[in-house]
1. Quote the charge dipole size of the chain about the Cα centre in Debye, to the nearest 20; the model charges only the Cβ of Lys and Arg (+1) and of Asp and Glu (-1).
2. Please work out how much length the chain gains when fully extended from GLU126 to VAL380, using 0.36 nm per residue of separation minus the C-alpha to C-alpha distance, in nm with one decimal.
3. Against the globular-protein guess of 2.2 N^0.38 Å, express the Cα radius of gyration of segment 462-561 as a ratio, rounded to two decimals.
4. Share of segment 336-510's accessible area from carbon and sulfur, percent, 1.4 Å?
5. Please find the FRET efficiency linking ALA472 to ASP173, where r is the Cβ-Cβ separation and R0 is fixed at 35 Å, and quote it to the nearest 0.05.
6. In whole percent, what relative contact order does segment 798-878 give with Cα contacts below 8 Å and a gap of six or more residues?
7. Please report the antiparallel percentage of DSSP beta bridges with both residues in the chain, rounded to the nearest 5.
8. Kindly state, to the nearest 0.05, the FRET efficiency for LEU93 paired with VAL858, given R0 = 35 Å and r defined as their beta-carbon distance.
Amino acid sequence: MKSFYQKETDDVIKELGSSVDGLTSSEVTKRQEQYGLNELLEGERASAFQIFLDQFKDLIVIILIIAALISGATGDFESSIVIIVVLIINAILGTSQTLNAQRSVDSLKQLSVPKVKVVRDGVKQEIDSTHVTVGDIVDFEAGDMIAADARILEASSLQVNESALTGESHAVDKFVDVVADEVVVGDQTNMVFTSSQVTYGKGRAVVTSIGQETEIGKISALLQGASSGKSPLQRSIDDFSKNLSIGIIILCIVVFGLNFAVSHNFASAAMFAIALAVAAVPEALASIITIVESLGSQKLAQENAIMKDINSVETLGSVSIIASDKTGTLTQNKMTVNDVYLNETLINPDKIDLSDRAGQLLMHTMVLANDSFINEDQKVGDPTEIALIELGRKYGIIEQEARANYTRISELPFDSVRKFMSTLQVIEGEKLMLTKGATDELLKQTSHILINGQVRELTQEDTVNILEQNNAFAEEGLRVLGYAYRTFEGDELSLEDEKGLTFVGLTSMIDPPREESKDAVHKAIKAGIKPIMITGDHVVTARSIARKIGIFSEGDMVIDGLTLEAMSDEELARDLEKISVYARVAPEHKIRIVNAWQAKGKIVGMSGDGVNDAPALKQADIGIAMGITGSEVSKDASDMILTDDNFATIVKAVTIGRNLFANIKNAIKYLLTGNSSAIIVVILTTLMAFFDSKFVVPFLAIQLLFINLVTDSLPAIAIGTEAGTDAVLDEAPRDPKEPILTKATFTSVVIEAIIIAVAVMAGYLLGIQADHGIEVVGKASYATTYAFLILCLGRLFHGFSCRSELPLSKIGVFSNKNTVYAFLVGVALIALIIFVPAVSGMFGVMPLDFGQILTILVLAFLPTLLIQSIKMIRYSGK
Ligand code: ATP
């Protein structure tokens, strides 16, 4: 049996039950039920049960199981059971956190599903790629991703990169012609395949297979296996925790050995060692980062920035260069034609004389050498072209009708290197090549000029006049297009034919800067970030807009693509800081700019929308694609997608990134401080126990479990949700090489840990006094009760302190509701332990009178009071 590529297009369409008008909506519904969604299967995900089991692989959990066994062996079954129950609760919480994180990644993925243009019921429309089905007629052009395997029906200068499938990195030409022989995928030149990129030209095809049935689906059933990749920050924290754990285990063995040597009591020695291990290992560290980063990426999505890879969130905060496109990102991309220049005169766009040859040609070129269209309310295509169509409509010219009347027999699509496009149309029996594009580029191919119906040779003076007019528009920040034409004999255009043109006229368009751009640029500069503009537009237009929004200030340099090309790497490195605008650049220049900045150790965020921007987007530390106007290829290559195409969103994202990093740092600081204070207490009491056996173990295993669950995780997560402010923009970007735990952080961890440990020890010693004379029954003692409760409460208070470097008087005690909730939950549970005798018994807590409770409260609150006072002194007047 012949394959689709060996058959004529008509036969393929018939066989697939489709038509040139595409499928009908009822047929689409039927097929979607039959074939399912157009998706590639993801790698096997761990089941919820598997995730649950994984929670027990943790070192601490294993130690606690040992503690439960020892408790059981010494006859204390109650403790064993409580430990096991709490471990199971802990595992359930861990599982739900992991599942939540997965869900949030999935929902973010959903937001970045590519769009596809299809023809259904004879109407061209845009749909999610997942809804494409077999028999759909799909249209694509440079910049699109192919969403399904399809047989090509029409192709014009079509080139496709199939490297995902074939490994071949060069784009291949595609045609309509039947391939007679049986050939491998790479040679099926009339087919396009899922996950290929259209790099040039355009085409139409009928879908032959979707989802898992496509070539790429067949190669690998597990193509997009759920990424378990850890971020650099997670890896460094993992390493840190691992080293710390090893150190702690060694310390535990030493403590156990010494203790056993002195006391000869195995169970007590083991409990001291276990207390140390459980108190010291910061097992919540790694999961805190995952949770905070996943919350952060949800927040980014709300602010219109979708992080494709959650791990890039932390890089965002160190961005020091933002290289942005102009059109649409810094400007509104809402274009309207402002002036028309025809027959050497400037006229109002409403006053084009369609009976004049130049007016006629201008209108034809605007509407016909144009791929965009308006469908009821939907404007599909390039805003530059939409502006031209809208002007045409003012004259009663509907683009679809005009295009049906004047057949387009060949075309040379727009590309951002040539900067113009041409189509070959039959107009009133005459074959004309209509060209529109960047005036300066167009003039290089122009030999004649049309004035008042007469064509004559273009003189030097004409060129000067046209360029003067062009510059006058550009000075005002207007976008200028030039128009030209030529008569043509053949039926097929090639790039060599774009010469010997006759100049017709110019149009200028307003594309006002976005209102937020100026403020966002100002914020970026304040935050030590250099914003630069990289645009395909004219130098003068670019500078004018850059000046309006503050990217360009006096003394800065504006260079164009040609100048950049002529510069050596050394020259570029020398001038780099001064250049704030790159104009008339081609996409390949962008990668050079990224490289030059990266060579200076800068972290570069770079925006791009075109197909040719992909390499620069990949090279940038944060590649930023445009959600609305960006090509699918650019989205595929980027790390972040802006759903509003707005420069201000980049600055917002960086702010969120910086705050997120600060939150992670604060959460880690909170965890390490708490753990360190517990370590100090355990070590001190172990040493004291050498001399006198009345110094009991300060924390029971079950108590440590409570500390880990309640006073570790809850406040740490709450700290991770700190809203953050623009205050982070007052600092210079973080050096990405700088570790998250700097010397300064370590110092404050140690100081704060000592302060908390002193309070806990004070309570412990008071407890020892209270224990004196009473008979200690079983495991419960006042010493342990005091130490445990003061540490718990003390840490809950400390949770407020760790929210910021600044004192609470500056940020407000109640400004982060989550910290308040975490505190209240902790306090409620502690109250349960104190006031419900059955629970007190379980946790080895002695009955307390009012005075004792007050003592505990005061001792728990003192460290935070002291730490806050220090902060207030340090930040007073700032
Ligand atoms: P940016 O890179 O900031 O988005 P841009 O959109 O102006 O800027 P390009 O799309 O590469 O960059 O356009 C470069 C030039 O090509 C424009 O200045 C304009 O003269 C011309 N041009 C843009 N769009 C079209 C089009 N659809 N048809 C013909 N010429 C165009």
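The values are calculated or read from the model by the stated rules, or taken from the named source; none is laboratory data. Source: prediction; values computed, not measured. We place every Cβ from the backbone using ideal geometry, glycine too, and count neighbours over all the protein chains shown. Calculation scope for accessible area: heavy atoms of the full protein, side chains included, ligands and nucleic acids excluded. Shrake-Rupley method; radii C 1.70, N 1.55, O 1.52, S 1.80 Å.
1. About 3900 debye.
2. Length difference between fully extended and current span is 90.6 nm.
3. Details: Rg = 18.0 Å, N = 100, 2.2 N^0.38 = 12.7 Å.
Normalised Rg, Cα atoms only: 1.42.
4. The value for segment 336-510 is 47 percent carbon and sulfur by accessible area.
5. Step by step, r from the Cβ atoms, then E = 0.25.
6. Working: 39 pairs, mean separation 32.7, N = 81.
The value is 40 percent.
7. For the chain, the DSSP antiparallel bridge percentage is about 75.
8. Given R0 = 35 Å and the Cβ-Cβ separation, E is 0.65.
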